[in-house]
Amino acid sequence: LLVLAAYLMGSIPTAYLIVGLVKGIDIRSEGTGNVGALNAFHQLGPGGGLLVLAVDAGKGALAVLAPQWLGAPGWTRSLTAPLVSAGHEWTHGLGFRGGKGAAVIFGLSLAVLPQLTLITLAFVAAILVFYRNVVWATLAGFVALNALLVITDQGTDQIALCAALTLLVTGTYLVSIRKHIGHSVRGRQ
């Protein structure tokens, strides 16, 4: 039940709902078409983007904290964590089209490893200020978090889960980048 609940909770399309309520538009047809915090930021401004980020991060945190609160075995979060992210990335109510999952993973990481996540967040902020590219800063943050897990010897289970989530999110970013490049090339022809 916790695993199913994690997927369904991840499938709540926060950006789609909030942008739809505030502007009356379908976020999938605006900006990047992504149903996530960054596109919500572009459609609604900083306040709307931060609201979507907070709610999506909250979904990730709840997916890993709820099993603990309910006394489920520790390995349960190894299932709920990727499924809340998968629900966010492949939202069943939107034709399996959703966000990239970075905000959800930020929330679950913050719930499980707050100190390492905050260190990583500072690194992401520095990269963002220097390069002004959210995608590269996010991907660099995932690399940094994985490195910190190994350096601080967080255990094989934790490292494997973080690596799997990183691959999941990186895969969605690569598919998105490939689609945008394809559209750009076809547009020039």
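The values are calculated or read from the model by the stated rules, or taken from the named source; none is laboratory data. Keep in mind the model is a prediction, meaning the values are calculated, not measured. For neighbour counting, all protein chains shown are included, and Cβ atoms are generated from backbone atoms with ideal geometry for every residue, glycine included. Just the protein is used for accessible areas: all its heavy atoms, side chains included, with ligands, DNA and RNA removed. Shrake-Rupley method; radii C 1.70, N 1.55, O 1.52, S 1.80 Å.
So here's what we get for this one:
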quantity	calculated
Hey, residue 104 buried (at least 24 other Cβ atoms within 10 Å of the Cβ) and more than 18 Å from residue 169 (Cα to Cα) or not	no
Counted residues, the stretch 95-109 - those being over 8 Å from the mean Cα position of the chain (by Cα) and either closer than 15 Å to residue 16 by Cα or of a type in the set (A, V, I, L, M) (or both)	5
Residue that is farthest from residue 31 (Cα to Cα) [pool: residues in the stretch 69-94 that are of a type in the set (Gly, Ala, Ser) and either more than 14 Å from the chain's Cα centre (by Cα) or not in a helix (DSSP H, G or I) (or both)]	71
Long-range neighbours under 6 Å by Cβ, at least six apart or interchain, first residue open to solvent by 100 Å² or more (accessible area, probe 1.4 Å) within the stretch 128-157, second among the small types (Gly, Ala, Ser)	none
Residue 66 in a helix (DSSP H, G or I) and in contact (Cβ under 8 Å) with a residue 60 or more places away in the chain	yes
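Listed here are the residues, each with its yes/no results for (1) among the aliphatic types (A, V, I, L, M); (2) in contact with a strand residue (DSSP E or B) (Cβ under 8 Å, 6 or more places away or on another chain); (3) loosely packed, with under 15 Cβ neighbours inside 10 Å.
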site	(1), (2), (3)
73	no, no, yes
81	yes, no, no
100	no, no, no
123	no, no, no
